[in-house]
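Structure record follows, encoded as structure tokens.
The values are calculated or read from the model by the stated rules, or taken from the named source; none is laboratory data. Here the structure is a predicted model, which is why all the values come from computation and not from measurement. So basically every Cβ, Gly included, is an ideal-geometry build from the backbone, and we count neighbours across all protein chains shown.
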Amino acid sequence: MRYRPTAALVRAAVLAALAVIVAVLTAQPHLLVIGAPLVVWSVMSVFRRPPAGEEAPHARLTAHRLAVGETVELTARTSVAERTIDLRMDPVLDAVYRPRWGAVCATDEPVRVRVRATRWGRIELPAPQVRVTDSWGMWAATTRIRGENLAVAVARDAPGRGDTLPHPIGIAGLHHSPRLGDGSALADIRLFRAGDRLSRINWPVTARTGGLHTNATHAERDTDVLVVLDTLSDATTADLAPGTPFASSLDTTVAAAVAVTEHYLHLGDRVGLHDLGPLVGSVPPRAGARQFTALSERLAHAQTGVDPWPRARPVTRLRPGTFAVVCSALLDARVLDEIVRLAHRGATVVVVDTLPAALGAPQPAAGRGSRGRSIWWDEAWALRRLEREVDLRRLRRLGIPVAPWQGVAAVAALAASLAAGRSGARLRPGATVAGAP
């Protein structure tokens, strides 16, 4: 680090020189007495100049991985005592600083700034500017230290309930299959046939009827769950400040995907992830706690900036009978076409609507004017929501249920409704949604 004189040292030196020059030119010795302390102070400051090869301050974060809403601490210190550290932080979109613009520490303790993450994904903290001053405040050096990166995981929703799936396709698991087989859920009581297990004989019914009866059970299986994210667009409203839960459709989409993933992984299913946009990518279906860690890491390291013209990435591999949960704001026609394509390929599709309810909601004219926003923006979103309702009705007519995100329990209820055959009309060949007559 290279130290330079501060304004205090320059001011003291200039005043000392002026006092000496004026005293000599005007023959007034009392001016020398007045300027003597400044002369002594300036000379001593020159001899106390810190060496040029002094080590620069270093900073570190207490953690590099956290969840939305959690706080880490950035600390900076020097290896030399008696130094004042002024740490200044440039603002970043997805984090909040406390203190807001940085901190100053005039002791041997490190300077500390708390950083709170307000959104999921990878946050690149800008390189902080550090100003180091000696104990007299006469010499200062300014430098920038290396910035840090944060991997912010999605805040986990409360776990939901419900383990019914429409078409379990595995060999063994926790979901009740409509087919009879080895399991714990009673399906029927029937007459004993050759090959039935003796342990399943229903002795009370046998004693009452006089004929040998046995219990028939539903087979218990697992299945493939594919969580499809729509990161092609991100819609928000000025009523929701950045950092608040579900401040945008993209935040709600990712939160719903994480909750659904955790729920079905706990049930022992094989869960995969596919992003229709460019942010996350694809993760093949697997089971176990490692899969949830892999999915969380993929989301935590994603760049949250949305490309204005992203290219859609359709699902390439799909096992027939897969339970597909599509989390989307349903604003892009390509997403609607992909939902219908998934159903054509044999998947059981459930759509989670992640568009914020405040967008396009009817507002009184006085309320709109009081917020100082243009009424044309609200009316444009209201018209867009009406157009979107037409697409939602077409999806429901094709037998694809759509429901707003209200937790995993709502998704489980839709799955149970499909399993019970209450999903509506069956999908006809060649059906479309976007732009259909």
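Would you confirm whether or not region 126-135 contains a residue that is crowded, with 20+ Cβ neighbours inside 10 Å, outside the structural domain of S248 (by TED's automatic domain parsing) and over 30 Å from M44 (Cβ atoms)? The answer is yes, given that some residue of region 126-135 is crowded, with 20+ Cβ neighbours inside 10 Å, outside the structural domain of S248 (by TED's automatic domain parsing) and over 30 Å from M44 (Cβ atoms). Considering (1) part of a loop (DSSP other than H, G, I, E, B); (2) modelled with pLDDT of 80 or more; (3) farther than 22 Å from P401 by Cα; (4) in contact with a Pro (Cβ under 9 Å, 6 or more places away or on another chain), the lone condition that D307 does not fulfil carries the number (2). Select from region 288-325 the residues that are in contact with a Phe, Trp or Tyr (Cβ under 9 Å, 6 or more places away or on another chain) and farther than 15 Å from V152 by Cα and write down the one among them that is surrounded by the fewest Cβ atoms within 10 Å (Cβ to Cβ). Out of the qualifying residues, it is V325. Residues in region 265-298 that are closer than 16 Å to A255 by Cα and without any contact (Cβ under 8 Å) to a residue 12 or more places away in the chain: T293, A294.
For region 27-62, a tally of residues being surrounded by 13 or more Cβ atoms within 10 Å (Cβ to Cβ) and touching a strand residue (DSSP E or B) at 6+ places or on another chain (Cβ under 8 Å) returns 11.
Restricting attention to region 296-323, the residues being under 24 Å from the mean Cα position of the chain (by Cα) and either within 22 Å of V390 (Cα to Cα) or among the hydroxyl-bearing types (S, T, Y) (or both) number 2.
The criterion of being buried (at least 17 other Cβ atoms within 10 Å of the Cβ) and more than 30 Å from L279 (Cα to Cα) holds for L87. Screening the candidates V39, V92 for the property of being outside any loop (DSSP other than H, G, I, E, B) and hydrophobic (A, V, I, L, M, F, W, C) yields one hit, V39.
Counted as qualifying within region 153-260 are the strands (runs of 3 or more DSSP E) with 1 or more residues that are at pLDDT 50 or above, touching a strand residue (DSSP E or B) at 6+ places or on another chain (Cβ under 7 Å) and not assigned by TED's automatic domain parsing to the domain that holds D94, namely 186-191, 213-221, 224-229. Taking the conditions (1) under 24 Å from A140 (Cα atoms); (2) assigned by TED's automatic domain parsing to the domain that holds D134 in turn, L93 satisfies each one other than (1).
For region 24-77, the set of residues classified as hydrophobic (A, V, I, L, M, F, W, C), over 24 Å from V10 (Cβ atoms) and touching a residue at least 24 places away in the same chain (Cβ under 8 Å) consists of A59, L61, L66, A67, V68, V72, L74, A76, listed by residue number.
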